Amino acid sequence: MKVSQLWLFDHYPFSPETSPATVIAQALTDGGLEVEHIDNRAAQLRSMVTGKVIRKENHPKADKLSVCTVDVHAAETLTIVCGAPNVAEGQIVAVALEGAVIPNGGFAIARRMLRGVESQGMICSQHELNLGDEADGIWVLPAETAIGIPLAEALGQTDVVYDVAITPNRADALSHRGIARDIALRIPNASGNHELLPCAVPELSVDDSVQAVRIHVEDPTMCPLFLALPISGVRPVASPQWLQDRLNAIGIKPRNILVDATNYVMMDLGQPLHAYDARQVADRTFVVRTAGSAQTFATLDGKERSLTSDMLLICDPQRPLGIAGVMGGANSEIADDTTDVILEAAVFAPSSVRKTAKALDLSTDASYRFERGVDAATTELALMRAASLIVETAGGRIGVTTKAGAVPPPPAPIRLRTPRVQTMLGVDVSTERIRQIMEGIGCTIVDTTDDACMVIAPSWRVDIVAEIDLIEEVMRVIGIDAIPPTSHARVAVLSDGLPDAVRAGTRGPSLRRAAVTQGFVECRTTAQTSPEASALSLPTGAQAVAVANPLGRELSMLRTSLLPGLVQVAARNMRTGAQSLRLAEVGKTFLMDASSTTGVAETERFALLLCGTAQRHWSSGSRTTDFYDALGAVRSVLQASGCRDVSFTQAGETSPLWSVNTVTIHADGIAVGLVGQLAPAALAQHDVSVPVFAAEVDVRTLPSVVRTYRPVSPYPSIDRDVALIVDHSVTAGTLVATAYAAGLELLRDVTVFDVFANAKALGDGKKSIGLALQFRSDTRTLTDADVDPLVAAIIDAAARNHGAVLRGAPTSQA
């Protein structure tokens, strides 16, 4: 937003000498309102003055150049070589003296020889000074312009314009008075204090003969306040020069006083206004309602807008006149012959304006402010200010103001605790200093104790709703630089004292790591989904959460399961040729919950999805993923994440997402989720025809895991390979478990490296399983004498428990 320094003086007359533009810019930036650019016209026109051409002669060596003698009321006249065709004796012109820098081009003026004649300055055009588009000749100033005065003074270019980046929460800063409030927090005014000038409601004489306006608001929640003021007998004349200069300075093109007054007040106080031609308002009645049906509407910019049924409109009894909070209609705009106007000032629900502006792809100065929230306490003042400007310039008689709705009462007091401020900011700030800061930003202090104060936020700070917002204000005023690097600020993220709904989970990262090590690819899918996908995975009796302002129907619900999103990912990858997919995700699901403080229950879940070709192993060829692959994957991942025992039982009633081939997962005896095949009907919605197997686990139901750190041993290992002949019914996993139990602490790893079955070599019903055993100590280097008894104990345990027989002799690699 562009901010004029001369305009700021109307609210807070600080001293430009003691507080130059750079100081003001730094003060605003320190307070969170970054000044991106400073346009100091007076500085740009430094070393430029007005002058009078007292003699013009042809250049002796150039037909298109003139040698001019220019009087700038200095000790001597200047000789300037000029190439402009329109230069003539007697003209008052803009002269750049030696040392000046031309704004358009950035080159410095110095004495130069031009074809044998010394030029001691430059006569400038509007284009060269960035003050107009005229570039074909020099700028000829009015004949009454004084000679020898600074050019900035002669042109009225003494203003400084700041380009300020306003953050979305700072609706109060979208006006010159709002910016003045922020400057007053840090910079004293010319009187040495920090008080703004009062902004009183103008006293206007009301003429009862002016026909009054009627207002009907159908939904006060969408328009809590609407005011209308009629003015009769006006003339759409040009605005006074001072008002035009103000608008031009911030990039708004003046039109006439009826329009300019509304723009001026909006930029002055932050309250958007609109002026209607009273002839176009049927029965002088405003009806604030939604469109009701899809229709088109021509706005002031001459474009046809396609309206939806829920968009809020300002209408008369017969037709729409404007899109509430966004833009007025072409059918009621001010014309050259307008004599009666109706000024409108209102407060609209920010969500309604934001949704309408986004749907229409139409952002205006008005919508930008209404979306963020306007100060309802200023609405009537703004209306009266605009009316006062109009009647002072264009004449006319003011009628009675009609009001629908009321200014909302002050918000409830917020308790601001000094220890909380100190903890959050890491700064030792006193209660008295906090009270001073609160009063400085416009808050009302209703009670104070030694370690807290009760604070009512000002009406213009719609962003202050909780204690943390006030703490942010304290930080903003004392400055981030005041917070020491060794801050003791802390926030308890993991704490038994936090509600379950907001307590950070601890198992998600371990599940992610475990899934990746098992060959799964981690995915991140959106939490928003379609009503169909939400209903598909909805538990019996549960209610899904609808999104208040969805981007579209396909994103209008919050997900109730992670699996529909993973199915979409799988379908997209299979369409591009993927043959084998193993996907994993940890994320939140959502259900309505009346017992929750937020009304919504958030649950952290972990999901796996497998389909296509199974992972290939040396012991088998290529095959399709099946139900048992899913069981094995779930067991491996949960055990790798810390669960000791993983088992499965027949599942009960499930959602339509699952097929009958579904079982319940138990981790250490606790039911934590489901694993099985997804229903073909659910997959058909995404054109997936291959079997898909999946699992979904409620992360918070998983048993807690206590992990201890064990340093890596600095000593080498001893590896031994043994082959054991066992019955076909004995699995490799049982042999591995037996080996771990017998090898005790020194056995660090057991790996199956071979399975061999040959009736002639081993006998009927027999097979050989090769185990690679790795032994290591944390305190010393092992020897064969240490390892041999352990290998013997493993072989003995396998023989006792499984009838195993040693095949061959063990080999040793040190």
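The values are calculated or read from the model by the stated rules, or taken from the named source; none is laboratory data. Only a predicted model underlies this, so the values are computations on that prediction, with no experimental measurement involved. In this analysis, Cβ positions are derived from the backbone assuming ideal geometry, glycine residues included, and neighbour counts consider all displayed protein chains. In case anyone asks, the SASA skips ligands and DNA or RNA and just uses the protein heavy atoms, side chains included. Shrake-Rupley method; radii C 1.70, N 1.55, O 1.52, S 1.80 Å.
Here is how the numbers come out for the structure above:
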{"item": "Residue within the range 149-161 that is at pLDDT 90 or above and part of a loop (DSSP other than H, G, I, E, B) present", "result": "yes"}
{"item": "Conditions (1) under 20 Å from R559 (Cα atoms); (2) in a strand (DSSP E or B): number failed by V660", "result": "(1)"}
{"item": "Test: residue in the range 614-621 that is touching a His at 6+ places or on another chain (Cβ under 9 Å), closer than 22 Å to D687 by Cα and either free of Cβ contacts under 8 Å to residues at least 12 places away in the same chain or not in a strand (DSSP E or B) (or both)", "result": "no"}
{"item": "Members of the range 665-706 that are closer than 22 Å to L511 by Cβ and part of a helix (DSSP H, G or I)", "result": "V699, R700, T701"}
{"item": "Flag for G642 being on the phi > 0 side of the Ramachandran plot and either among the charged types (D, E, K, R) or touching a Ser or Thr at 6+ places or on another chain (Cβ under 8 Å) (or both)", "result": "yes"}
{"item": "Residues of the range 622-640 classified as in a helix (DSSP H, G or I), open to solvent by 40 Å² or more (accessible area, probe 1.4 Å) and not aliphatic (A, V, I, L, M), total", "result": "5"}
{"item": "Matching residues, the range 171-198, being out of contact with any Ser or Thr (no Cβ under 6 Å at 6 or more places or on another chain) and surrounded by fewer than 19 Cβ atoms within 10 Å (Cβ to Cβ)", "result": "L185, R186, P188, S191, G192, N193, H194, E195, L196, L197, P198"}
{"item": "Tally, over the range 232-254, of residues that are closer than 25 Å to M1 by Cβ and outside any loop (DSSP other than H, G, I, E, B)", "result": "9"}
{"item": "Matching residues, the range 21-46, being open to solvent by less than 50 Å² (accessible area, probe 1.4 Å) and in a loop (DSSP other than H, G, I, E, B)", "result": "G31, G32, L33, L45"}
{"item": "Failed condition for A761, given (1) more than 60 Å from the chain's Cα centre (by Cα); (2) hydrophobic (A, V, I, L, M, F, W, C); (3) open to solvent by less than 60 Å² (accessible area, probe 1.4 Å)", "result": "(3)"}
{"item": "Lone qualifier among G426, G442 - being more than 22 Å from P188 (Cα to Cα), within 30 Å of the chain's Cα centre (by Cα) and either touching a residue at least 12 places away in the same chain (Cβ under 8 Å) or surrounded by fewer than 19 Cβ atoms within 10 Å (Cβ to Cβ) (or both)", "result": "G426"}
{"item": "Residue within the range 735-753 that is touching a residue at least 60 places away in the same chain (Cβ under 8 Å), surrounded by 15 or more Cβ atoms within 10 Å (Cβ to Cβ) and closer than 13 Å to V722 by Cα present", "result": "yes"}
{"item": "Subset of the range 550-564 [open to solvent by 30 Å² or more (accessible area, probe 1.4 Å) and under 22 Å from the mean Cα position of the chain (by Cα)]", "result": "P550, L551, L555, M557, L558"}
{"item": "Tabulated pairs, the range 598-609, first within 28 Å of V521 (Cα to Cα) and among the polar types (S, T, N, Q), second open to solvent by 30 Å² or more (accessible area, probe 1.4 Å) and outside any strand (DSSP E or B), C-beta under 9 angstrom, 6+ apart or interchain", "result": "T603/R700"}
{"item": "Matching residues, the range 199-219, being within 35 Å of the chain's Cα centre (by Cα) and open to solvent by less than 80 Å² (accessible area, probe 1.4 Å)", "result": "C199, V217, D219"}
{"item": "Subset of the range 577-593 (residues that are part of a strand (DSSP E or B) and open to solvent by 50 Å² or more (accessible area, probe 1.4 Å))", "result": "S580, K588, M592"}
{"item": "Residue among L360, L425 that alone is within 29 Å of A298 (Cβ to Cβ) and among the aliphatic types (A, V, I, L, M)", "result": "L360"}
{"item": "Long-range neighbours under 9 Å by Cβ, at least six apart or interchain, first residue more than 13 Å from I187 (Cβ to Cβ) within the range 24-44, second aromatic (F, W, Y)", "result": "V35/Y162; E36/Y162; H37/Y162; I38/Y162; D39/Y162"}
{"item": "Selected residue (only one of V699, V675, V726, V692 is of a type in the set (V, I, T), open to solvent by less than 10 Å² (accessible area, probe 1.4 Å), at pLDDT 90 or above and closer than 20 Å to M574 by Cβ)", "result": "V692"}
{"item": "So I456, is it in contact with a Cys (Cβ under 8 Å, 6 or more places away or on another chain) and at pLDDT 95 or above", "result": "yes"}
{"item": "Yes/no for R707 being open to solvent by 20 Å² or more (accessible area, probe 1.4 Å) and in contact (Cβ under 8 Å) with a residue 40 or more places away in the chain", "result": "yes"}
{"item": "Hits in the range 336-366 - residues which are touching a strand residue (DSSP E or B) at 6+ places or on another chain (Cβ under 6 Å) and in contact (Cβ under 8 Å) with a residue 40 or more places away in the chain", "result": "T338, D340, V341, I342, L343, E344, A345, A346, V347, S352, L360"}
{"item": "Meets criteria (part of a helix (DSSP H, G or I), under 38 Å from the mean Cα position of the chain (by Cα), touching a residue at least 40 places away in the same chain (Cβ under 8 Å) and crowded, with 24+ Cβ neighbours inside 10 Å) for A382", "result": "yes"}
{"item": "Residues located in the range 60-78, provided they are open to solvent by 40 Å² or more (accessible area, probe 1.4 Å), outside any strand (DSSP E or B) and not polar (S, T, N, Q)", "result": "P60, K61, H73, A74, A75, E76"}
{"item": "Restricting the range 479-537 to residues that are among the hydroxyl-bearing types (S, T, Y), open to solvent by 60 Å² or more (accessible area, probe 1.4 Å) and modelled with pLDDT of 85 or more, the residue that is nearest to L562 (Cα to Cα)", "result": "T526"}
{"item": "Identity of the residue in the range 637-666, under 40 Å from the mean Cα position of the chain (by Cα) and among the small types (G, A, S), that ends up farthest from A694 (Cα to Cα)", "result": "G642"}
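One line per residue, one yes/no per condition, for (1) closer than 28 Å to E144 by Cα; (2) over 33 Å from the mean Cα position of the chain (by Cα):
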| residue | (1), (2) |
| --- | --- |
| V3 | no, no |
| D10 | no, yes |
| P16 | no, yes |
| A21 | no, no |
| A27 | no, no |
| G31 | no, no |
| R46 | yes, yes |
| V49 | yes, yes |
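This table checks each residue for (1) open to solvent by less than 10 Å² (accessible area, probe 1.4 Å); (2) part of a helix (DSSP H, G or I).
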position	(1), (2)
Q271	yes, no
F286	yes, no
T296	no, no
D310	no, no
N331	no, yes
A335	no, no
